[in-house]
Each structure stands twice: as C-alpha cells, then as structure tokens.
Amino acid sequence: MPNDRSTPRPPLDPAVEAVPVGVRVAGAFSWRLLVVVGALAVVVALVVLLQEIVVPFLIGLLVCALLAPMSAFLQRHGWPKWTAVLSCFLAVVVVIGVLALVVTAQIRYDLPSLEHRLNHNVQSLQSLLATEPFGITSKQVTTWLSDGAKYLQSHASSVLSGFQEAGSGLVHALEGLFIIVFTTLFVLIDGGRIWAWVVRLFPRRARPRLEVAGRAGWHTLTSFIRVQLVVAVTDALGVVIGALALQIPLAIPIGVIVFLGAFVPVVGAIVAGCVAVLVALVFNGWVPALAMLGVVVVVQQLESHVLHPFLTGSAVKVHPLGVVLGVTAGTTIAGVVGAFFAVPFIATVNAMVTAAAAHPAGASAPDGPADVPPRPDHGGVQS
C-alpha cells in the first residue's frame with residue numbers, strides 16, 4: 001500500500017492557494033463552530049419553549065439519581081424491583097411529611113411570641129422615624145397606607161389577573177409534580193433500556209462511546225447529588241444549632257431554607273444566609289443578628305474548605321471558576337432554575353465528554369461501575 005506522503009496531492013485552485021493556510025484553517029474551523037453554536041442555540045430555544053416539561057423531567061432525573069443507590073441496595077438484598085422503588089418513594093414522602101409537620105408546629109408555637117416581638121419592633125421603628133433627621137409621623141404613615149389602598153382599588157383588575165396567574169401557576173406546578181413522579185419511577189425501573197434505546201438512535205460506530213459517556217455521566221450525577229445532600233444537611237444542621245443557641249425564632253424553617261438553598265451553589269448560600277440574619281435582626285436585634293451572621297459565615301467556610309474537598313474528591317471535577325461562570329450563565333438564561341441546574345449539568349457533560357474522548361475508537365463499551373445505567377440485559381438502573 002503506498003505511503004500517504006508519496007501520493008501526489010491534486011493541484012488547488014489559484015484563488016484558493018492565494019489564501020494563507022492559517023486563514024483557510026481558521027475559516028473551516030469558524031463555520032463548523034458557527035454550526036455547533038447554532039445547533040446549541042436551537043436546543044436552548046426548545047428547552048425554554050418546553051420548560052414546563054423539561055424542568056420537571058430534569059428534577060425527576062435528579063431525584064432518580066438520589067434514590068437509585070437506595071433502590072439498588074434493596075434489590076441486591078433480595079427485594080423485588082417494584083417493592084424497592086416504592087419503598088424509596090415512601091421514604092421520601094415520609095421525610096417530607098415529617099419535616100412539614102415539624103415546621104408547621106414550630107410556626108404555630110412561635111406565633112404569639114413573634115406577634116409580640118413584631119409589635120414592639122414596629123413601635124420602636126415608629127419612634128425612631130418620628131425623631132430627627134427622619135421626622136416621619138404616624139399621621140404620614142396612615143396617609144401613605146390610605147394612598148396604597150386607593151391605588152389597589154383603582155388597579156383591581158391587574159390584581160385580579162395576578163391571582164389568576166397564581167392559580168394557573170398552581171395548575172402547572174401540579175402537572176410538574178406529576179411529571180417528576182413518573183419520570184423518577186420509570187427511570188428507576190427501566191432506565192437501562194431507556195438509555196439503550198437512546199443510544200440506538202445514533203450511528204453504530206458511535207454507540208460504544210455513547211455508552212461509556214452515559215455511564216460516566218450517570219456516575220458523576222449520582223456522586224454530585226449525594227455530595228450536595230450531605231452538604232445541605234450539614235449546612236442546615238449548623239444553622240439550626242446556631243439559631244437555637246442564640247434563641248432565634250423559626251430556627252427549623254430557617255434550616256429548611258438553608259437546606260434547599262444549598263442545592264443552588266453560591267447564590268443559594270448567600271440568600272439563605274441573608275434570610276437567617278434578617279430574621280435575627282427583626283425579632284432579636286442587631287447583636288444576635290451579627291452573631292447569626294458569624295454562624296452563617298463559619299458554616300459556609302466549613303462547606304467550602306472541608307466538606308466539598310473531602311467529599312467530592314475526584315468524582316466531580318468542576319473548577320470553582322467553572323461553578324461561578326456556570327451559575328451566572330444559568331441565572332442569566334433561566335433565572336433560579338438555571339442556577340439550580342447549572343453545576344450538575346456542567347459536571348455531567350464534562351464527565352461524558354472526557355469519557356468519550358478517552359474511549360479508544362472501535363472498542364466496545366465496558367460494563368462500567370455499578371451506579372450507572374446498565375445495558376438492557378441488566379434490568380434497570382443500578383447503583
């Protein structure tokens with residue numbers, strides 16, 4: 001077989017030869033890059049258009065990644081698949097129900113004390129505003145309230161439309177909950193066959209790389225969710241203990257806000273910390289608020305410098321700069337939802353691309369770790 005170097009190249013058009021090689025390469029690269037960017041723009045546009053379906057579906061995948069290890073553990077110990085999956089769902093429902101009961105009980109218990117403290121703080125604020133340099137009297141406040149009531153009466157139609165939008169939002173939330181439940185159920189039960197069907201949509205030569213990429217991405221996603229769960233629970237416990245030690249009301253509801261905020265990197269921690277400090281400032285004064293601020297800072301430093309490096313390890317390789325830029329881009333594109341999904345999306349895509357690039361061409365996909373979707377003959381998502 002003749003060597004490629006000995007094969008004569010066909011002569012190029014003189015107009016093409018007049019263009020430097022670097023410019024030709026840059027042009028070829030540029031139009032391909034524009035095609036890729038255009039395809040990604042179309043995908044983003046479709047996601048935004050179908051966000052009422054896509055967002056619950058993605059949440060269902062995250063819930064599945066959280067419950068898959070528990071379901072696989074039960075199945076390895078002889079539990080039937082349906083029993084294991086339903087037991088995981090029941091455990092989640094029980095935890096949420098108990099948490100809701102505890103939060104409601106504390107709000108009802110602290111409500112009389114909160115009303116007393118709030119009235120006292122309002123009177124103190126009125127006295128402060130009545131003095132110099134503010135000079136705001138109670139008569140002026142009454143006038144402003146009256147003007148506000150007149151404004152609401154004159155814009156009753158817009159207020160009514162707002163309530164109608166809220167009702168529509170409730171319906172969409174129920175639809176989203178339905179999608180989340182069914183996505184989680186079917187991915188837990190038949191995730192391997194679903195992924196195998198997706199892989200078969202691509203050319204045969206690309207399937208081994210896609211199988212390897214899928215396994216690596218699923219492994220990274222499950223690792224990320226487990227790490228975030230541990231971090232969220234630790235943050236919530238730290239803030240709750242600090243709030244109880246400082247005798248700040250609504251300690252458990254504050255802990256729930258911190259727990260949920262921990263799943264949104266950077267932004268969630270700041271917002272949850274501000275809520276805790278604000279509650280302390282309103283109901284306890286500025287000294288407990290400063291102490292609560294110190295507790296929040298200590299908890300966040302513990303998360304950043306101890307928990308994440310120790311728990312994440314090599315499972316989720318996302319540089320802090322990538323986290324910040326990803327959260328910022330996600331917030332710009334889709335608000336809070338984008339900030340919530342930015343980091344798991346970046347981590348999963350990075351793992352998939354790295355695994356696909358490292359997979360030798362023509363090689364078959366290995367069985368992979370146990371916590372990623374297996375092939376169809378394995379019978380479902382394992383973890």
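Bear in mind these aren't lab numbers, they're just calculated from the coordinates by the rules spelled out. It should be emphasised that the depicted structure is a prediction, and the values quoted were computed from it without experimental measurement. Every residue, glycine as well, gets a Cβ built from its backbone with ideal geometry; the counts of neighbours run over all protein chains shown.
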Where does each of S113, S223 land when they are ranked from fewest to most other beta-carbon atoms within 10 angstrom? S113, S223
Quarter of Cα convex hull surface for region 25-94, i.e. mean projection, nm²: 7.7
For region 233-249, in order, what is each residue's ³J(HN,Hα) by Karplus, 6.51 cos²θ - 1.76 cosθ + 1.60 with θ = phi - 60°, in whole Hz (x at glycine and Pro)? 5, 5, 4, 5, 5, x, 5, 5, 4, x, 5, 5, 5, 8, 6, 8, x
R0 = 56 Å: FRET efficiency of L177 with V297, Cβ-based, nearest 0.05? 0.95
